[in-house]
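Quick note: the coordinates plus some simple rules give every number you see, no bench work behind them. As the structure is a prediction and not an experimental result, all values here were calculated from the model. Every residue, glycine as well, gets a Cβ built from its backbone with ideal geometry; the counts of neighbours run over all protein chains shown.
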Amino acid sequence: MRKRRFSHGWLFILVLFVVAMISLARPDPALALVPDNMSDLKIKEETYVQFFDPGSYLGQFLGFNPDFKYFWYKGFSHIKDPSGRMLGEGMYFEYLLGQPQGGYIVPSQLGAVMLQTGLLESWADELGGNPDFVQDPANWQLFKARIEGWGANRGWSTTRVHVRGVADMCGTGDVSWDAATKTVTIRPTSKPFAYLGTPTQATQGQTVTINISGTSFVSSRVPEWKNKIYYNLYADGQWLAGGEESRQQFSKTVQYTVNKAPGQKVKLELRVSDGVLRRTVVEKYIEVPGTGMGPLPPVPEPPPPPPSEPP
């Protein structure tokens, strides 16, 4: 039977198709990863609004209590990281000095970039936060405001969260504002550092020294989140030691008696969480060697000083 040949023309078309699909799948770096489609409201730029029921930290960010104060919506603000990568968008509201009267308004050059509560999970993903922590109303309500239309724009309401508060909930207070371009820059921080030092081998019934330490890199303006670190150490799923410290670092030594038979292993697991509940887990094993396997390795050195910057 005569074999059919696959023509070069069809091969060329197939290659072009694959390249086109890859190009379409690759996101445009200029596009916002968390776009604000204002699905919770439909308003135009320069719409007058009022802020109500502000969270306890919102006034600190703005420098004044925004309750019952007048703002106007000035369009979207872009939000990026220090490399220039676009992260998303937020609605920018500019504070007005007094109640608008007719067409006369006095802008203050002070404002607030407010984000949708329905997009908090996406913001946590982009900023390296814990989505469960960021979406917890007990946390985001510290930075929220209820925004309502004013005057001819009455009839709608939305609750939004200040962009600085979202950054705080994700573990960073490094947020800057460029008034000329209406751009917010956020520098994310890393998950906590965790160290677990243990012998790799031990005999049955031997008591070994386990060294554990950790460091939080949270730079949030909320003291309870910045100066807090949690740790728990487990052996084969059973809790050995743990606690919390009202600071950013900890270092502990734990004594543990190996209860495994020769040829078995003990699984050690250290879980370290920072004040915004981002977790790092480190696992190590202690092997109980069988008979005739030679001398045991030396006890490990004490842990190094916790780093001041992410490793």
Margin query: Spelling out what I want: for every residue of region 178-188, take phi, set θ = phi - 60°, compute 6.51 cos²θ - 1.76 cosθ + 1.60 (Karplus), and round to whole Hz; glycine and proline get x.
Written below: 9, 5, 5, 9, 6, 10, 9, 10, 10, 9, x
Checklist line | Backbone HN-Hα couplings from phi across region 277-290 [Karplus 6.51/-1.76/1.60, Hz, Gly and Pro as x] | finding: 6, 7, 10, 10, 10, 10, 10, 9, 10, 10, 9, 9, x, x
Next item on the list: For a quick protection proxy, order the peptides 44-57, 249-262 by their average other-Cβ count within 10 Å, most packed first.
Entry: 44-57, 249-262
Notebook entry, point to check: Too long at a 31 Å Cα-Cα cut-off: which of K74/K226; K191/K260; K80/K267; K228/K267; K69/K228; K80/K284?
Noted result: K74/K226; K191/K260; K80/K267; K69/K228; K80/K284
Notebook entry, point to check: Using modelled backbone amide H atoms (1.01 Å from N, in-plane), which distant-in-sequence or interchain residues come within less than 5 Å of G88's amide H?
Noted result: L33, V34, I79
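Quickly rank 269-279, 199-209 as a protection proxy: mean count of other C-beta atoms within 10 Å, highest first.
In descending order of packing, they fall as 269-279, 199-209.
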